[in-house]
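Just below is one structure, and these are the notes that go with it.
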Amino acid sequence: MLKAAFIFLAPGADPVKNRSVVDTPSVSLVSIGVENYDVAVSVAKDLVKDGFVAIELCGGFGHLGVARIAEAVEGKAAVGAVRFDIHPGLENKSGDSVF
C-alpha cells in the first residue's frame with residue numbers, strides 16, 4: 001500500500017490533533033495541519049521515517065517552503081505542491097513572506 005501525506009498550513013494547527021487518515025485499497029493518505037514551516041519540516045522527517053513515499057504540500061507553501069521540505073526528506077519521498085501565488089488562509093500572502 002502506498003503511504004502518502006498532505007501537509008497544510010493553518011495558524012494554530014497542531015500536527016498531533018489536526019490530522020486525519022483516508023485508507024483506500026491502494027493508498028493510505030494522511031492529512032496533517034501545521035502552524036509553520038519549522039513544524040512542517042519536523043513532520044516531513046517523521047513521515048519518511050514511517051515509510052511515507054509521497055508528500056503533497058498545500059498552496060500556502062511558497063517556493064522556499066517547498067524547498068525546505070524537499071531538503072528535509074533527502075530524496076526519501078517525492079514532494080509535490082499545490083500552487084498559489086497567495087493563499088486565502090494566510091491573509092492572501094505566500095507562506096514565504098509569513099514564515
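Only the coordinates and a few stated rules stand behind these numbers; no lab work does. On a predicted model such as this, the values are computed, not experimentally measured, just so you know.
Descriptive notes on the structure:
- Diffusion constant of the chain at 20 °C, which comes from Stokes-Einstein with the Kirkwood Cα-pair radius and 1.002 mPa s, µm²/s: 161 µm²/s
- The count of lysine pairs in the chain with alpha-carbon distances below 21 Å, taking only pairs 8 or more places apart or on different chains, stands at 8.
- Relative contact order [Cα under 8 Å, 6+ residues apart], the range 2-89, whole percent: 31 percent
- Rule-of-thumb Rg ratio for the range 1-53 [Cα; 2.2 N^0.38 Å; N residues]: 1.10
- Other-chain or far-sequence residues with amide H under 5 Å of residue 18's (modelled H): 33
- For the chain, the longest principal axis of the alpha carbon atoms and the long axis of helix 63-73 meet at an angle near 30°.
- Angle in degrees between helix 37-49 and the longest Cα principal axis of the chain, rounded to the nearest 10: 10 degrees
- Sequence-distant residues sharing a close amide H with residue 93 (under 5 Å, placed H): 87
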